[in-house]
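Below is one structure, written out as structure tokens; the observations come after it.
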Amino acid sequence: MTAPAPAPASRRVLLAAPRGYCAGVDRAVIAVEKALEQYGAPVYVRHEIVHNKYVVQTLEKKGAIFVERTEEVPEGSIVMFSAHGVAPVVHEEAARGKLATIDATCPLVTKVHKEAIRYANEDFDILLIGHEGHEEVIGTSGEAPDHITIVDGPHDVEKVTVRDESKVVWLSQTTLSVDETMETVDALKTKFPLLVSPPSDDICYATSNRQAAVKQMGADSDLVIVVGSKNSSNSIRLVEVALDAGAGAAYLVDFASEIDEAWLEGVTTVGLTSGASVPEVLVEEVLEWLAQRGYGDVEIVKTAEESIVFSLPKELRRDLRAEAAELIAGRGGAAEDTNTADE
């Protein structure tokens, strides 16, 4: 008698929670939408408001214009600074260009800026753990360029020098891998035993939470799909965390259409998550794409609850078009300092 064929393995999706938009990204995206609604197009945005292709394209269709340099913004216009923050020199450029500004810097990034200013004022050498060239690192470094040294991971520690080993502090980019950052900190502490830590962790709650969820599901996933853009630091880190946690493979995609069906060969469990600047609609599209290929069983892997909400930039409560006109007419500047974010 022929033995019955084994039943096909059940296909499932492990869906990470939390995932997608964090409070800082939500605040920044809404700020652009509110500015367009309140002041009309165009509203200029210096750099991508957040690192996500879909979000940028959607806001462009509504009238936002993204520029790389402040000088690209016409005199008398409104310009918004992205969630990643900018250096003080950018505020000076905007003032010279007679621009009305909206600061959409994430309050958690602003916290790191304030720490940099404080420790620089106390004449500390500041070791900023982060990726050189990333907008957030450029902005933080600009607060105290004479005091800050960028440390781009554990491999960078050996070449770090300081003026006084008793006055050294570390800060970090908010979107890094938690594990790699602490590995870098441990290496720095070995080299500089008196190294001071910031009053609270600089890596943001959303980055930590998303990495924790991926760690939990990674070991059980044959394949992990991370929805996010290739210039999104926190999304790239999720791919790395998934592989470190034991996932068979992990890939970063902007859209469901970018998934290669060959990735599914021999795969019974797909882990799915998204970076902190990714709208949920893109995750839903991937879920639908997977369901059409037999992965209709979805299990939630929940590691944290998130309830943080940030208030919108205070500049949205003012008449910025009138302020821009006054700047051109030479009748003064903005009604209040815009180089802070509500916390």
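A few comments on the model shown:
- Scanning the stretch 136-155 for residues that are open to solvent by less than 10 Å² (accessible area, probe 1.4 Å) and either in contact with a Leu (Cβ under 6 Å, 6 or more places away or on another chain) or under 24 Å from Arg69 (Cβ atoms) (or both) turns up Glu136, Val137, Gly139, Thr140, Ala144, Val151.
Every residue, every condition in (1) open to solvent by 20 Å² or more (accessible area, probe 1.4 Å); (2) on the phi > 0 side of the Ramachandran plot; (3) part of a loop (DSSP other than H, G, I, E, B); (4) of a type in the set (Phe, Trp, Tyr), yes or no:
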| residue | (1), (2), (3), (4) |
| --- | --- |
| Val157 | no, no, no, no |
| Glu165 | yes, no, yes, no |
| Trp170 | no, no, no, yes |
| Thr174 | no, no, yes, no |
| Asp186 | yes, no, no, no |
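- Of the residues making up the stretch 129-161, those that are of a type in the set (A, V, I, L, M) and closer than 21 Å to Cys106 by Cβ are Ile129, Val137, Ile138, Ala144, Ile148, Ile150.
- Yes/no for Val160 being over 30 Å from Glu261 (Cα atoms), of a type in the set (A, V, I, L, M), out of contact with any Leu (no Cβ under 6 Å at 6 or more places or on another chain) and modelled with pLDDT under 95: no
- Selection of the stretch 134-143 for residues being outside any loop (DSSP other than H, G, I, E, B) and either at positive phi or among the charged types (D, E, K, R) (or both) yields Glu135, Glu136.
- Contact map, the stretch 247-271: first residue among the polar types (S, T, N, Q), second residue outside any helix (DSSP H, G or I) and open to solvent by less than 20 Å² (accessible area, probe 1.4 Å), Cβ cut-off under 6 Å, separation 6 or more or different chains; pairs are Thr269/Ser221.
- Number of residues in the stretch 150-183 that are among the polar types (S, T, N, Q) and farther than 20 Å from His113 by Cα: the value is 2.
- Flag for Thr161 being more than 15 Å from His84 (Cβ to Cβ), open to solvent by 10 Å² or more (accessible area, probe 1.4 Å), in contact with an Asp or Glu (Cβ under 8 Å, 6 or more places away or on another chain) and not in a helix (DSSP H, G or I): no
- Among residues of the stretch 86-112, those that are within 15 Å of Glu136 (Cβ to Cβ), aliphatic (A, V, I, L, M) and touching a Pro at 6+ places or on another chain (Cβ under 7 Å), counted: 1
- Residue match in the stretch 44-65 (condition: in a strand (DSSP E or B), within 20 Å of Thr175 (Cβ to Cβ) and of a type in the set (D, E, K, R)): yes
A quick yes/no check of all residues on (1) free of Cβ contacts under 8 Å to residues at least 12 places away in the same chain; (2) assigned to a loop (DSSP other than H, G, I, E, B); (3) open to solvent by 40 Å² or more (accessible area, probe 1.4 Å); (4) aliphatic (A, V, I, L, M):
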{"residue": "Ala94", "(1), (2), (3), (4)": "no, no, no, yes"}
{"residue": "Thr101", "(1), (2), (3), (4)": "no, no, no, no"}
{"residue": "Thr105", "(1), (2), (3), (4)": "no, yes, no, no"}
{"residue": "Thr110", "(1), (2), (3), (4)": "no, no, no, no"}
{"residue": "Lys114", "(1), (2), (3), (4)": "yes, no, yes, no"}
{"residue": "Ala120", "(1), (2), (3), (4)": "no, no, no, yes"}
{"residue": "Glu132", "(1), (2), (3), (4)": "no, yes, yes, no"}
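- Every residue from the stretch 45-73 that is open to solvent by less than 60 Å² (accessible area, probe 1.4 Å), at negative phi and more than 20 Å from the chain's Cα centre (by Cα): Thr70, Val73
- At least 2 residues being out of contact with any Pro (no Cβ under 9 Å at 6 or more places or on another chain) and open to solvent by 20 Å² or more (accessible area, probe 1.4 Å) is the threshold, and among the strands (runs of 3 or more DSSP E) wholly inside the stretch 213-324 those reaching it are 250-253, 297-302.
The values are calculated or read from the model by the stated rules, or taken from the named source; none is laboratory data. Given the structure is predicted, the values throughout are model-derived calculations rather than measurements. As a convention, Cβ positions derive from the backbone with ideal geometry for all residues, glycine included, and neighbour counts pool all protein chains shown. Areas reflect the complete protein model, heavy atoms only, side chains present, ligands, DNA and RNA absent. Shrake-Rupley method; radii C 1.70, N 1.55, O 1.52, S 1.80 Å.
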